[in-house]
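The values are calculated or read from the model by the stated rules, or taken from the named source; none is laboratory data. Just so it is clear, the structure is predicted and the values come from calculations on it, not from any experiment. Cβ placement follows ideal geometry from the backbone for every residue including glycine, while neighbour counts extend to all protein chains displayed.
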């Protein structure tokens, strides 16, 4: 369904332009992820876009105010080849209170889903629900598909004026399809009107559309040529065939038609030139195979039996050679080769062919799988084949995505185990440093100092903070006072000593009182330092506690890694099984298709041999006469 | 006389010429069960991928140190973005050159996740430099700055380029999101 993907981009314009106008302050992680999903979506990175949306849902969902997460997710899923879930989301949009533009976009995509499943009436009914409020690009596509449905149903075609068919870049397709439908019905004149409508249109300036438009012009010219041929208007047919670009694939069909128009007009000489040119081209194109037999026929009509016989011989050689090529291709083109081709990076063009030969398979951004072999082109154009190839590529992409996770999970596992070891080592180190015991000691010291400071302040005990010398003098004064008391009790006269002791005590207290604020401040400082040391220890302890606690998170994370690794392996196995089945199926389709071509080549070869034999018989008979 | 090709042959060729484009409007005819199986496989892969992305983010960028930078633009009438450079405290954090595809995605409302990583707690100065083409196709270089305080919750910043219809100039700023 890869061919569908570029068209789905149109959805963006219909539903996502409001993304930027979201209100601001209530946006959260999930809302930003919505914007990121759009960013991936607009660049056609559907897997990344879906992953972002799914994570946003896991993180609380996306508010619908001014946004269309369901419609966007539906569009991304449709583009990513998940039509079932896309359809379910579009249905939800219809059930909800949405704007008419959003509802009509949902109707349109539901119609497209039914169209893809070949459910024509359902598709038509849904397409007809949309239209008034649909974005212009989507409406063009809707109308183009409705015309297609009409053609498919073989309903009488509404007479569309080719000059008034304006469906943007869908117009050339619609005009060509209408022309081809009329031609199939035998209405050649009406068919040519549509072809002419296509030819009047200037090719788009957009590179990809331009190439397609020019290819359609060639097809329209070829179609118009054959319609004239069928009506017997040979000069007009030749004129149309001559306008087809010679260096493009449609030229083969036109050259063949040119020759037949000349033959039909009785001008065998004129038929030689296009058929000779055609017979020089690669035999992998059916018109070239036809030309191999048509050319000797023209020679015969001109009476050049020798040239005709040579041409039959040449055709026989070429057909035999081509049969060998097809047999070689059938031998080589198996599921393993398909897998190699599909596994190549999407951006590169992959050729699978011996050097100098035609490429049997090519991959590029324009198509899921392509070929320059007309044998395979018909098969490759079939949607079932393209869908099968896209499914196989999707399976390979999923496989790669998951396999890329495995080495990362292994690294994360090592990282977690290393982290756990580091934490254990640090905890042991902290234990060794007796951090906890040191903290308890400091706490006791700090409490004692606080109590002492309180007491000193309360009792104004200046001498507590006295320097050692003053403290020694204070002790001496205290001792002298005791001696004085004992002498006084013994009845001795100590009046003079008492006075001197009072003076000394007073001097010492005076000095201590002077120094007291400074010493209290110093003690406070010490206490603050103890507080800081305790705080640091507490912080370290807290860190240890956190480490110990978070260490418990490592085990669940490791368990999640292990669980996801097992899920990956199981999913890769499931993907491999599906992939193998798909590739076998595709290879079988290729084989069946090639076998049919082989049969056709054999048929041509038999006809060539028969015609050559008949010609030789005729020549012999004439010689005997 | 031998006639190697059957009569009416070109009628068949003509019919071939009248089919060709319709397959461009291809119709899917894959077996429904097979398609459903494939979709179920895809869904499982997507769910697994989502779980792995969440786990990876939790392991590599824990909330306490996570920083995420986003870039958004509005219409882009006055500025055509070429590149962005983001510095944290004068040190280069991330730089990006933009392709036309990326710029288009931004114009249309997409938001680019420019960077996810880790940042220590505390104050940091974020500087962003934008270069491109300004009004009248002139080379344009502007900067925006913001001082942020990284706390325990993830730090989410959005670099915004907005057209100012008042000044007809682009406006650049950095917004810090408060995650709920």
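Conditions tested, residue by residue: (1) assigned to a helix (DSSP H, G or I); (2) closer than 30 Å to residue A:422 by Cβ.
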{"site": "A:469", "(1), (2)": "yes, no"}
{"site": "A:481", "(1), (2)": "yes, no"}
{"site": "A:486", "(1), (2)": "yes, no"}
{"site": "A:493", "(1), (2)": "no, no"}
{"site": "A:497", "(1), (2)": "yes, no"}
{"site": "A:500", "(1), (2)": "yes, no"}
{"site": "A:512", "(1), (2)": "yes, no"}
{"site": "A:529", "(1), (2)": "yes, no"}
{"site": "A:533", "(1), (2)": "yes, yes"}
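Of all residues in region A:413-420, at least one satisfies being part of a helix (DSSP H, G or I), in contact (Cβ under 8 Å) with a residue 40 or more places away in the chain, within 14 Å of chain B (Cβ to nearest Cβ) and more than 25 Å from residue A:542 (Cα to Cα).
Considering (1) within 12 Å of another protein chain (Cβ to nearest Cβ); (2) surrounded by 19 or more Cβ atoms within 10 Å (Cβ to Cβ), the lone condition that residue A:60 does not fulfil carries the number (2). Exactly one residue among A:307, A:261, A:298 is in contact (Cβ under 8 Å) with a residue 24 or more places away in the chain and within 22 Å of residue A:607 (Cβ to Cβ), and that residue is A:298.
Among the residues of region B:72-81, those that are farther than 16 Å from residue B:144 by Cβ and more than 13 Å from chain A (Cβ to nearest Cβ) comprise B:77, B:80. The residues in region A:207-249 that are surrounded by fewer than 18 Cβ atoms within 10 Å (Cβ to Cβ), outside any helix (DSSP H, G or I) and within 41 Å of the chain's Cα centre (by Cα) can be counted, and the count is 5. Looking at A:617, A:551, just one residue is within 12 Å of chain B (Cβ to nearest Cβ) and either modelled with pLDDT of 85 or more or assigned to a helix (DSSP H, G or I) (or both), and that residue is A:617. So, residue A:423, is that one more than 14 Å from chain B (Cβ to nearest Cβ) and within 19 Å of residue A:560 (Cβ to Cβ) or not? Yes; evaluated as a whole, the condition is true for this residue.
Looking for something over 18 Å from residue A:506 (Cβ atoms), touching a helix residue (DSSP H, G or I) at 6+ places or on another chain (Cβ under 9 Å) and modelled with pLDDT of 85 or more - is there at least one such residue anywhere in region A:464-484? Looking for residues that are over 18 Å from residue A:506 (Cβ atoms), touching a helix residue (DSSP H, G or I) at 6+ places or on another chain (Cβ under 9 Å) and modelled with pLDDT of 85 or more, one finds at least one in region A:464-484, hence yes.
Consider residue B:119 carefully, then state whether it is more than 14 Å from every other protein chain (Cβ to nearest Cβ) and surrounded by fewer than 16 Cβ atoms within 10 Å (Cβ to Cβ).
Details: more than 14 Å from every other protein chain (Cβ to nearest Cβ): yes; surrounded by fewer than 16 Cβ atoms within 10 Å (Cβ to Cβ): no.
So residue B:119 does not fit the description; no.
What are the residues in region B:132-168 that are away from every other protein chain (no Cβ under 14 Å) and crowded, with 16+ Cβ neighbours inside 10 Å, if any? If you could, list the steps in order and put the result at the bottom.
First pass over region B:132-168, keeping only residues away from every other protein chain (no Cβ under 14 Å): B:132-151, B:164-168.
Across region B:132-168, the qualifying residues are B:132, B:134, B:140, B:142, B:144, B:148, B:150.
Taken over region A:178-203, residues that are surrounded by fewer than 17 Cβ atoms within 10 Å (Cβ to Cβ) and touching a helix residue (DSSP H, G or I) at 6+ places or on another chain (Cβ under 6 Å) amount to 2.
Does residue A:570 count as under 25 Å from residue B:45 (Cβ atoms), within 11 Å of chain B (Cβ to nearest Cβ) and in a helix (DSSP H, G or I)? Before the answer, list the steps.
Working: under 25 Å from residue B:45 (Cβ atoms): yes; within 11 Å of chain B (Cβ to nearest Cβ): yes; in a helix (DSSP H, G or I): yes.
Yes, satisfied.
Out of region A:188-207, which residues are within 13 Å of chain B (Cβ to nearest Cβ) and either closer than 22 Å to residue A:145 by Cα or touching a strand residue (DSSP E or B) at 6+ places or on another chain (Cβ under 6 Å) (or both)?
Here is the first cut: in region A:188-207, the ones within 13 Å of chain B (Cβ to nearest Cβ) are A:188, A:190-192, A:194-195, A:198.
Residues satisfying the conditions are A:190, A:191, A:192, A:194, A:195, A:198.
Put simply, of A:63, A:17, A:51, A:23 the only residue that is at pLDDT below 85, within 25 Å of residue B:73 (Cβ to Cβ) and touching a helix residue (DSSP H, G or I) at 6+ places or on another chain (Cβ under 9 Å) is A:63. The residue that is farthest from residue A:48 (Cα to Cα), counting only those in region A:382-396 that are surrounded by fewer than 20 Cβ atoms within 10 Å (Cβ to Cβ) and facing chain B (nearest Cβ under 9 Å), is A:382.
Scanning region A:204-238 for residues that are in contact with a helix residue (DSSP H, G or I) (Cβ under 8 Å, 6 or more places away or on another chain) and without any contact (Cβ under 8 Å) to a residue 12 or more places away in the chain returns a single hit, A:236.
Kindly indicate whether any position in region A:124-137 is over 24 Å from the mean Cα position of the chain (by Cα), in a loop (DSSP other than H, G, I, E, B) and within 11 Å of chain B (Cβ to nearest Cβ). No, region A:124-137 has no match at all.
Residue-level check: of (1) at pLDDT below 85; (2) closer than 30 Å to residue A:418 by Cα; (3) surrounded by 15 or more Cβ atoms within 10 Å (Cβ to Cβ), residue A:567 misses just (1). Residues in region A:104-119 that are away from chain B (no Cβ under 14 Å) and free of Cβ contacts under 8 Å to residues at least 24 places away in the same chain were compared, and the one that is surrounded by the most Cβ atoms within 10 Å (Cβ to Cβ) is A:110. Based on this model, can you work out whether residue B:105 counts as closer than 30 Å to residue A:50 by Cβ, in contact with a helix residue (DSSP H, G or I) (Cβ under 7 Å, 6 or more places away or on another chain) and within 14 Å of chain A (Cβ to nearest Cβ)? Answer is yes for this residue. Looking at residue A:541, is it in a helix (DSSP H, G or I), at pLDDT below 85 and either touching a strand residue (DSSP E or B) at 6+ places or on another chain (Cβ under 6 Å) or away from every other protein chain (no Cβ under 14 Å) (or both)? Yes.
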